[in-house]
């Protein structure tokens with residue numbers, strides 16, 4: 001797909017990623033990387049005694065999947081004729097539902113806008129991170145990316 005083709009899809013879904021499983025090992029690795037070892041994430045026995053009924057993934061772990069798994073796992077379309085895509089920021093993030101360890105997540109992306117800049121196009125995308133089998137999403141986030149041409 002070319003960037004020009006993407007322009008015709010404003011307001012439309014542009015990506016639906018593959019499912020990603022959040023295992024306890026992934027949660028523990030994220031805890032080690034960030035220093036967030038709160039028991040609701042890393043201690044299954046104590047977490048089982050909370051209203052969550054077991055360990056849950058960090059909200060920021062769920063959000064971080066937008067940068068890799070959801071972009072590369074059949075999610076965001078490859079754009080021909082571009083040099084690179086970089087994260088520019090976030091406009092709005094909400095962690096709506098807890099993500100129990102073992103859940104399968106996927107991202108649904110809708111293109112909200114494209115603005116042209118010198119040598120790049122800036123894309124704003126509404127992301128909804130879904131939890132398999134649940135009505136409420138895990139999170140929503142507007143991401144802003146710069147596509148360099």
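Just so it is clear, none of the values below were taken in a lab; they were calculated from the coordinates. Values in this document were obtained by computation on a predicted structure and should not be read as measured data. Virtual Cβ from ideal backbone geometry, glycine too; neighbours counted across all protein chains shown.
Key figures for this structure:
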read-out: Estimated FRET transfer efficiency when R0 is 35 angstrom, pair residue 45-residue 115 (beta carbons, to 0.05); value: 0.10
read-out: Gaussian network model of the chain, springs between alpha carbon atoms under 10 Å - residue of 127, 107, 28 with greatest fluctuation; value: 28
read-out: Helix 24-34 axis, angle to the chain major axis (alpha carbon atoms, nearest 10°); value: 70
read-out: Gain in span if fully extended, residue 26 to residue 140, counting 0.36 nm per residue against the direct Cα distance; value: 39.0 nm
read-out: CD proxy at 222 nm, helix term only [per DSSP H run n ≥ 4: -39500 (n - 2.57); per residue of the chain; nearest 500]; value: -5000 deg cm²/dmol
read-out: Cα centroid separation - the range 84-129 against the range 15-63, whole Å; value: 20
